[in-house]
Amino acid sequence: MPFNTRPDLRINTLLSGLAAQFQTSLRVKDQLCVKPGEVPCDVCTGTKLKAVKYCLVCLISYCQTHLEPHQRFPVLKKHRLVEPMDRLGDMRCKKHDRLLELFCQTEQVCVCQFCKETDHKSHPVVLLKQEYEVKTAQLGKIEAEVKQLIQERLNNIQKIRDTVNRSKADADREIADGVHILTALKRCIEKCQDDLNQMVKEKLKPTEKQTEDLIKELEQEIEDLTNRSSEVKLLSHTEDHLHFLQAFRSLKDPPPTRDWTTVEVRPPSYVGTLRRSLDQLEETLNMEMKKLRDAELKRVQQYEVDVTLDPDTAHRRLILSEDGKQVHDGGVVKELPDNHKRFTQGICVLTSQSFSGRFYFEVQVKDKTGWWLGVARESIDRKDRITVSPETGYWTLYYAEDGLVFNDDPDVRLPLRAELQKVGVFVDYDVGLVSFYDVEARVHIYSATGCSFTEPLYPFLCPCPWDFEGINSAPLIISSVNQTD
């Protein structure tokens, strides 16, 4: 039909509503369609929708649409619905094709009702929920144990890092000390060289002055004699008799000169000059070495620990002071209760405290003619005859009238420069180091390196027996560190 003017068009609300419902239906359906990794509905034909529940009775997965009867009919409402799972086949018994609803506590496996009545008839069987609750409780314990293991390893990491940082700090300090000493030594050598040069030059100066004066005097005599020679030559050519005779009177006597046969130039002696310079250098170096030894001893003394002797470990002959700081041999075996900690053969004693890490202690050994001193591991044999060596768990220094020894296999004999008054013992557990020091002389005695420590270490003292004349009756005394030594 022709129109003279354009008509006003109106929206068809019916068609528009149907189209909107259709588009919404497509969007919803698109959203509900199963995607990779999701569980599909077992009832849908054609396009599969995403399952929202799984029925443990029907053994079927349902989308929201097909689940509707289970939400409406009373009989179906009693069915147990669970979240859809991708591996529902694992919930069925492979032998009986029934739902795995039970748990065999004997064989620790999930079973179905038929399994319970056949293969597992004599086994205790419970519902999965019951075992789940038991295992959940165990899971909390396992989780706590795992957390503890994780924390232990974190602590180990921190310990390793602390060890590395400490080692770096030690390395930096060692380098700094070395640079300081070597720089001082370099300065000493340079000064020694300068002093030697100056000393030799000072010794040479008088000789140089003497030779210079003698040469000048000789040159003057040569000049005078040369002039006389010229005068003689000139006179020899004159023919004037009167002049010749008058001049000859003054020429017949030579000019005064020294008797050079008695003149001697004695060079200076340099014997002992270099030796004296080296002696001075050695003295300076010894002073620097003393400073270094002082610094080293003070560095280990900062790890001092407070230790007391353990009476339960002391041999029956030993007498301990009330404060647990002194021990000496009483010469008589006392009646004491035995225990697994007490030494029964060696006249020895341990401290009550054990250590790992770094620690240091000092023991006065003054007026004694024999003693053992060091550290021992916890598991040493305390009942049989003692064989002292690192292999048996002892890192000790032994002193007797014939010398000083570090007990090893074989023993390491050490020089004894003077009578020992006090011995310092330093242990670095982590690096396997045991060092001994002469505290009064500020001298390092010996270090055992590369030691393998796997147990706590105890300070170990043995005052050794004494005879009836009182020799070696003095006590070993655990002393406090005196930083002003």
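The values are calculated or read from the model by the stated rules, or taken from the named source; none is laboratory data. Please read all numbers here as calculations on a predicted model, not as lab measurements. Every residue, glycine among them, receives a Cβ derived from its backbone with ideal geometry; neighbour counts consider all protein chains shown. To get the accessible areas, we keep the full protein, side chains included, count just its heavy atoms, and leave off ligands, DNA and RNA. Shrake-Rupley method; radii C 1.70, N 1.55, O 1.52, S 1.80 Å.
Below, the figures for the structure above:
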quantity: Tally of residues being open to solvent by 70 Å² or more (accessible area, probe 1.4 Å) and at pLDDT 95 or above across segment 299-310; calculated: 2
quantity: So residue 472, is it open to solvent by less than 70 Å² (accessible area, probe 1.4 Å), outside any strand (DSSP E or B) and under 25 Å from residue 357 (Cβ atoms); calculated: no
quantity: Single residue of 392, 396, 369 found to be more than 15 Å from residue 463 (Cβ to Cβ) and not hydrophobic (A, V, I, L, M, F, W, C); calculated: 392
quantity: Cβ pairs under 9 Å, 6+ apart, first in segment 325-340 and within 26 Å of residue 471 (Cα to Cα) and without any contact (Cβ under 8 Å) to a residue 60 or more places away in the chain, second open to solvent by less than 90 Å² (accessible area, probe 1.4 Å) and assigned to a strand (DSSP E or B); calculated: 330/318; 330/319; 334/318; 334/319
quantity: Identity of the residue in segment 43-62, part of a loop (DSSP other than H, G, I, E, B) and polar (S, T, N, Q), that ends up surrounded by the fewest Cβ atoms within 10 Å (Cβ to Cβ); calculated: 45
quantity: Residue within segment 336-357 that is buried (at least 19 other Cβ atoms within 10 Å of the Cβ), within 31 Å of the chain's Cα centre (by Cα), modelled with pLDDT of 90 or more and not hydrophobic (A, V, I, L, M, F, W, C) present; calculated: yes
quantity: Residues of segment 261-276 that turn out to be surrounded by 11 or more Cβ atoms within 10 Å (Cβ to Cβ), among the β-branched types (Val, Ile, Thr) and farther than 30 Å from residue 221 by Cα, as a count; calculated: 1
quantity: Strands (runs of 3 or more DSSP E) wholly inside segment 366-459 containing at least 3 residues that are more than 24 Å from residue 347 (Cα to Cα) and either open to solvent by 20 Å² or more (accessible area, probe 1.4 Å) or touching a residue at least 60 places away in the same chain (Cβ under 8 Å) (or both); calculated: 443-448
quantity: Residue 175 being under 45 Å from the mean Cα position of the chain (by Cα), free of Cβ contacts under 8 Å to residues at least 40 places away in the same chain and either farther than 19 Å from residue 279 by Cα or open to solvent by less than 80 Å² (accessible area, probe 1.4 Å) (or both); calculated: yes
quantity: Residue match in segment 278-298 (condition: open to solvent by 50 Å² or more (accessible area, probe 1.4 Å), without any contact (Cβ under 8 Å) to a residue 60 or more places away in the chain and outside any helix (DSSP H, G or I)); calculated: no
quantity: Check on residue 32, open to solvent by 50 Å² or more (accessible area, probe 1.4 Å), at pLDDT below 75 and touching a strand residue (DSSP E or B) at 6+ places or on another chain (Cβ under 8 Å); calculated: yes
quantity: Hits in segment 241-260 - residues which are open to solvent by less than 90 Å² (accessible area, probe 1.4 Å) and either under 60 Å from the mean Cα position of the chain (by Cα) or of a type in the set (A, V, I, L, M) (or both); calculated: 247, 251
